[in-house]
Amino acid sequence: MPAALAVSGLVKRYGAVDALVGVDLEVRESELVGLLGPNGAGKSTLVKIACGLVRPTSGRAEVCGARAGSREARAAMGYLAELFRFPGWMTADELLELHQRLAGSRGGERERVELLELVGLEDARRRAVEAMSKGMQQRLGIAQALIGSPRLLLLDEPTSALDPVGRRTVRTLLEELQRRGVSVLLNSHLLSEIELVCDRVVILLGGKVVSAGSRARGVEIETSEGKRTYLEAGREDVPKLIAELVRDGQDVYGARVLTSTLEEVYVEAVGGETS
């Protein structure tokens, strides 16, 4: 099965300005990838090319094996822009019905109800958009991006205007989408959000990928025989590891889940550039 998003040698020039310079990037099935970089790094241009809104100067971008911008590619992806605006007089149900017609979805009322339940808005189906909080509108935006059951979801700053509770709600939703097999490319400047939910991080600077990789994992356990580090372990493995050590006759004094410091990686990658 082809990658949800595959970008190879992508170049985009606006006159004398190089927005992208040979970018390679891949988002695999059920993977959540964070896209970071200061203003002007090329993040928005990359997302617009993936959506088919902008044509690359050279290189190739494919969505589920289809050329970005083609009918097949558009059908396989959903998109939520950072500064989205929905008609305030429309209800949540009317808005989703409109986007079903635009996307050519035949899911009907059943799809609309299921999507509103998925984003926790089942009780707001008849509520007007203008009567919703920012967090509710953000979740409604994700629901419209999921019309037609896309394999790839492109999200541009989905939590930037939300309070901590709203951010947690969106994070939980993204984790559920990943369990359902949806791939996500998350464009954000909030390092803490990226670090909490993303499997991999790609950092752009000056139109180039300057850093890419998975979050570091590991567990450090302090025992009567000293500290032990399990590099391939995660938080979910801690109870089992402690039980095994105790069974082997060791005293356990503490356990610590190791994670990469994304802020340090980001600052090192972009140097003095600011967002």
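Brief remarks on what is shown
- When the stretch 69-102 is filtered for residues that are within 20 Å of Lys134 (Cβ to Cβ), among the hydrophobic types (A, V, I, L, M, F, W, C) and out of contact with any strand residue (DSSP E or B) (no Cβ under 9 Å at 6 or more places or on another chain), the ones remaining, listed by number, are Phe86, Leu95, Leu96.
- When residues in the stretch 102-122 are screened for being within 22 Å of the chain's Cα centre (by Cα), in a helix (DSSP H, G or I) and of a type outside the set (Asp, Glu), 4 of them pass.
- Any pair with Cβ under 8 angstrom, 6 or more apart, that starts in the stretch 223-236 at a residue that is surrounded by 11 or more Cβ atoms within 10 Å (Cβ to Cβ) and ends at one that is of a type in the set (S, T, N, Q): Thr223/Gln250; Glu225/Gln250
- Any hit, the stretch 131-154, residues being surrounded by fewer than 18 Cβ atoms within 10 Å (Cβ to Cβ) and either touching a Phe, Trp or Tyr at 6+ places or on another chain (Cβ under 6 Å) or acidic (Asp, Glu) (or both): no
- If you go through the stretch 243-256 and keep only what is closer than 30 Å to Glu193 by Cβ and either part of a loop (DSSP other than H, G, I, E, B) or aliphatic (A, V, I, L, M) (or both), you end up with just Ala255.
None of the figures in this text is laboratory data; all of them are computed from the coordinates on show. On a predicted model such as this, the values are computed, not experimentally measured, just so you know. Because the Cβ atoms are built from the backbone with ideal geometry, glycine has one as well, and the counts that use them run over all protein chains shown.
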